[in-house]
Amino acid sequence: MKRRAFTMAGLALALTGCGRIVDARATARETAFEAEFPPTGQLIQVQGRTVHVDIRGSGPDLILLHGASGNSRDFTFSLADRLATRYRVLAFDRPGLGWTDAIGAQTDNPIAQAELLRAAADQLGVRRPVVLGHSYGGAVAMAWGLRAPGDTAALVIVSGATMPWPGTLTGWYAFLETPLGDRVGPPLLTALAPVSLGNRIMAGIFAPQPVPLGYADYIGVGLAARRGNYRANASQINGLRAYLRVMAPQYPRLTMPVEVIHGGQDSIVPADIHALPLAEALPNAALTILPDQGHMPQHGDPQAIIDAVDRASVRAGLR
């Protein structure tokens, strides 16, 4: 019994020592990642939280909300500048991701995310915006519209995860939801995972289109590899379906123009589970399926996204 006690104590000390080494390396890598990929816009204080927003252009207000694991750089890589020729574009980092603070126990809540970013937009003088959300950001855009239907001119939902899906999440996200996964997964990944792993995951997200030249160097994979980012992203993905079960029955009361645009080859957020039933539920929706596009049509066919924004603006009387 004594030998076993000594063995367990030794193992605990070893794990503690390894944990300290891993945490130190994770901290060093996070510092380097943040130096390499600083904010592209401004950091503002909203309800005691730091919110990052990149603002460019002039014209009707256009809000851009990025997807899971990402940040506003997904839009500022190229699309934001093209839209900024005729809109005031505000690309936000969602709570817990990029340079925007998490919001505690509400970080996984797309409605709470929308409320924080709406408050930020209000501070910046935004009025009756068109709100575009990509992937998970589509759920936040829908929440934005539900919470402020009278002050939302139109919605543009791009490859949006907006409807409760069948089945359950498995693999990495299921593991991160466990106490053990939450404790050991993010530190180990931040400390040890090569950036090339993120690049391989990125290629799968873009398929069947290629990753645009220069995108991997610009997007800031290292920002997504921070411990807090891993935890926030996992909690958001794991928690989304429960929130969509509450949100989806309310969609039919949204009367503003909504452009629903989705890649026909999207295997990450399939159109038949999300885009098609969303368009059917909304009384004023226009559905566009891009047959050859996957999950990232804002890069594979950016003109189709720009056209959708323009259509939404015209339908809303903004142009």
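For this structure, a couple of remarks:
- Using alpha-carbon coordinates, inclination of helix 195-206 to the longest axis of the chain, degrees: 30
- Options Ile273, Ala242, Thr178, ranked by Cα towards positive dipole end of the stretch 162-319, top entry (Cβ charges): Thr178
- Axis angle, to the nearest 10 degrees, between helix 227-247 and the longest C-alpha principal axis of the chain: 50 degrees.
- Accessible surface calculations at 1.4 Å, restricted to protein heavy atoms, place the stretch 25-79 at 40 Å² per residue.
- Kirkwood-Stokes translational diffusion coefficient of the stretch 187-319, alpha-carbon pairs, 25 °C, 0.890 mPa s, µm²/s: 144
- Per-selection Kirkwood Rh - the stretch 41-172 (Cα, Å, 1 d.p.): 14.6
- When restricted to Cα atoms, the stretch 17-56 yields an Rg and a Dmax of 14.8, 48 Å, respectively.
- For the stretch 273-290, Karplus couplings with θ = phi - 60° (6.51, -1.76, 1.60), whole Hz, Gly/Pro x: 8, 10, 5, 5, x, 5, 4, 5, 6, 8, x, 9, 9, 10, 9, 10, 9, 9
- Close amide H contacts of Gly263 (hydrogens built in the peptide plane, cut-off under 5 Å, sequence separation of 5 or more or a different chain): Ser159, Leu290.
- The orientation-averaged shadow of the Cα convex hull for the chain, equal to a quarter of the hull surface, comes to 17.3 nm².
- Annotation: the stretch 264-319 has a Kirkwood hydrodynamic radius of 12.2 angstrom, from the mean reciprocal C-alpha pair distance.
- Beta bridges by DSSP in the chain, antiparallel share as percent, to the nearest 5: 25
- The peptide list 130-137, 61-68, 103-110, put in order of mean Cβ contacts within 10 Å with the highest first, becomes 130-137, 61-68, 103-110.
- Taking the square roots of five times each eigenvalue of the Cα gyration tensor of the stretch 120-224, the equivalent ellipsoid has semi-axes of 31, 19, 16 Å, listed largest first.
- Surrounding net charge for Ala26, when Lys and Arg each add one and Asp and Glu each subtract one, Cβ distance under 15 Å: +3
- The relative contact order of the chain comes to 20 percent, based on Cα pairs under 8 Å that sit 6 or more residues apart.
- J(HN,Hα) series, the stretch 291-305, from Karplus relation 6.51 cos²θ - 1.76 cosθ + 1.60, nearest Hz, glycine and proline x: x, 9, 8, x, 7, 10, x, 5, 10, x, 8, x, 5, 5, 6
- 1.4 Å probe accessible area per residue over the stretch 244-299, in Å²: 41
- Ile21/Thr50 FRET efficiency (R0 25 Å; Cβ-Cβ; nearest 0.05): 0.25
- Counted by Cβ distance under 10 Å from Leu290, the other residues give a net charge of -3, where Lys and Arg count +1 and Asp and Glu count -1.
- The phi-based Karplus calculation (6.51 cos²θ - 1.76 cosθ + 1.60; θ = phi - 60°) puts the 3J(HN,Hα) values of the stretch 123-136 at 4, 8, x, 6, 9, 6, x, 7, 10, 9, x, 10, 6, 4 Hz, whole numbers, x for Gly and Pro.
- Ellipticity estimate at 222 nm from DSSP helix runs (n ≥ 4, -39,500 (n - 2.57)) divided over the chain, nearest 500: -15000 deg cm²/dmol
- Descending by average beta-carbon neighbour count within 10 Å, the peptides 192-205, 242-255 line up as 242-255, 192-205, the highest first.
- With all protein chains in place and a 1.4 Å probe, the accessible surface of the chain carries 58 percent carbon and sulfur.
- The stretch 168-260: C-alpha gyration tensor shape, a/c 1.5 cut-off, then a/b vs b/c: oblate
The values are calculated or read from the model by the stated rules, or taken from the named source; none is laboratory data. The model shown is predicted, which means the values in this text are computed figures rather than measured ones. Every residue, glycine among them, receives a Cβ derived from its backbone with ideal geometry; neighbour counts consider all protein chains shown. Surface areas here come from the heavy atoms of the whole protein model, side chains and all, with no ligands, DNA or RNA. Shrake-Rupley method; radii C 1.70, N 1.55, O 1.52, S 1.80 Å.
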